[in-house]
Amino acid sequence: MKFLKVIAFTHKHIDLKDLGKFVICNETLESSLDRVKQHFDIPEIFYVGTCNRVEFVFTAEQSLDSEFVREFIQTLNLCIPQEQIDNFVSQVSVYEDIEALNHLLRISCSLESLVVGEKEILAQIRKAYETCRVAGFTGDYLRLIMNRVVKTAKEVYTHTGIARKPISVVSLAYRKLRELKMCTNARVLIIGAGETNKNLSKYLQKHKYSNFAIFNRTLSKAEVLAEELGGRAFNLEELKNYKEGFDVIITCTSATEPVITNEIYQSLLNGDTSKKVIVDLAVPNDTCCTVIEKNPLTFIEVHSLQEIANSNLQERYEELIFAERIIDQNIQEFKPVLKQRRIEIAMRDVPEKIKEIKETAINRIFAQDIESMDENSREVLAKVMNYMEKKYISVPMIMAKDILINNS
């Protein structure tokens, strides 16, 4: 596993507002990863971006020293000022070999999440991997890694109480909304049709909220969510022209600049002076600070939920211990699996070579001898040759696997 690497920017070491600088939008993801892949000769890579972490999982021979990380950030072209890069390099977390696998298993089981026990993180990692797999950025090695990641997470969620009463950023945000005791016909504007907003809107729908308007850069995605919620869909550009009023704004996009400027917010108010609610789960925030400072509103954001998450971590400490045991067990189980796969790859040409030897023997070296046999003898010889071919293919591979695993 010495080639497995992870470069991670997380809420543990980087301010959430700064973390947003590392978010890669969907439109530039492929070009960014391809640039890094070509520059460092990286065989496989995928990118994970959530509300509290940005991570790059890849295979490489290079060691992840500070120079590599600095060059990696620069190659991504993230529009980070040159004078800030060294500061971010000092805040990054890097993992290699077994530590990288352990880290991936821990985040998939939500042990490293802002709120321990949130199952959303596994879905986010799987979706991130699948996006990069379809784009051709991953191969057999990361496929095996992801299979183990999913297996481990499912075992943790099934056999521990870590998610028995899940408290995710989304559920915490919804609890805050419920505390405000809004009526179920409250006018809700949803900005962004990604996983976070989908999950939050499911809570709202479950508790009989029904008045939704969904805005998204890709109209088709807004339409899908609108159909699920019984709401209306709009292109994000239409937000500045929307005049039908609102009580709550729920926003979570991948934008790197504020989506809700004070100008747009005043336009949405359309003269309404009553106190509103904004739930902003984007990193960086979709809401301009001027909106928060100059308008009567209740503002709910990721950062404000962190204290609750910290207390939740303490309450679930015993479950963390059980989860870590499952992770350790899966790491130990995975080592021989990986070695076995290496043997399979190394020996995958063996069957073809044995077939070539058999064909050469039958059609060239012993062709005249076989021709002189009667039909029955040739049939028996063919059966013997086919039997031996199968054994010669299977026996060396089984022996090689046993030797490698038993001697490890």
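How would segment 169-295 be classified by its alpha-carbon gyration tensor: rounded, prolate or oblate, with rounded meaning a/c under 1.5 and the a/b versus b/c comparison settling the rest?
Working: a/c = 1.28, a/b = 1.12, b/c = 1.14.
Rounded, since a/c falls under 1.5.
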Problem - Charge-dipole axis of segment 108-204 as Lys and Arg at +1 and Asp and Glu at -1 on Cβ define it, positive-most pick from Ser171, Ala135, Ser110 - result: Ser171
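What size of dipole, in debye to the nearest 20, comes out for the chain about its Cα centre when the only charges are +1 on Lys and Arg C-beta atoms and -1 on Asp and Glu C-beta atoms?
The dipole magnitude comes to about 1280 debye.
Let's test the formula: R0 of 51 Å, r as the Cβ-Cβ distance of Met373 and Arg342. What FRET efficiency results, to the nearest 0.05? Kindly include the intermediate steps, with their values, before the conclusion.
On the way: r = 43 Å, r/R0 = 0.84.
Computed FRET efficiency for Met373 and Arg342 comes out at 0.75.
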Completion exercise
If unit charges are put on Cβ atoms (+1 for Lys and Arg, -1 for Asp and Glu) and the dipole of the chain is taken about its Cα centre, the option from Leu269, Val92, His39 lying farthest towards the positive end turns out to be Leu269
Practice task
Find out how many positive minus negative residues lie around Arg53, taking Lys and Arg as positive, Asp and Glu as negative, among other residues whose Cβ is under 11 Å from that of Arg53.
Solution key: -1
Problem - Mean residue ellipticity (222 nm) of the chain, computed from DSSP H runs ≥ 4 via -39,500 (n - 2.57), nearest 500 - result: -17500 deg cm²/dmol
Practice task
Please give the net charge around Asn295, taking every other residue with its beta carbon less than 10 angstrom from that of Asn295, where Lys and Arg add +1 and Asp and Glu add -1.
Solution key: +2
Practice task
Measure off 7 Å from each Cα along the Cα-to-Cβ vector at Lys202 and Arg178, then give the distance between these two points in nanometres to one decimal.
Solution key: 1.6 nm
Completion exercise
For the chain, the Kirkwood Rh over every pair of distinct alpha carbons, in Å, works out to 24.6 Å
Fill in the blank from the handout: Restricted to the chain, the DSSP antiparallel beta bridge percent, nearest 5, is 40 percent
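Between Ile362 and Gln82, what is the FRET efficiency for a Förster distance of 60 Å, r being their Cβ-Cβ separation, to the nearest 0.05? Numbers along the way, then the final one.
Working: r = 69 Å, r/R0 = 1.14.
That gives a FRET efficiency of 0.30.
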Problem - Point-charge dipole on Cβ atoms (K/R +1, D/E -1) for segment 169-295, about Cα centre, debye to 20 - result: 540 debye
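Working out 0.36 nm times the residue gap between Cys289 and Asp65, then minus their Cα-Cα distance, what length gain in nm do you get to one decimal?
Values: separation 224, 0.36 × 224 = 80.64 nm, distance 3.67 nm.
Extra length available between Cys289 and Asp65 comes to 77.0 nm.
Lys and Arg at +1, Asp and Glu at -1: add these up for the other residues within a Cβ distance under 12 Å of Thr28 and post the number. Each step should come with its number before you reach the end.
Working: positive: Arg35; negative: Glu27, Glu30, Asp34.
Neighbour charge sum, excluding Thr28 itself: -2.
Order these peptides, 2-10, 239-247, 81-89, by their mean beta-carbon neighbour count within 10 angstrom, highest first. Each step should come with its number before you reach the end.
Details: 2-10: 20.0, 239-247: 14.3, 81-89: 12.4.
Descending packing order for the listed peptides: 2-10, 239-247, 81-89.
Where a number appears in this text, it was derived from the coordinates with a stated rule and is not lab data. Since the structure is predicted, the reported quantities are computational estimates derived from the model, not experimental observations. No Cβ is skipped: glycine too gets one built from the backbone with ideal geometry, and neighbour counts run over all protein chains shown.
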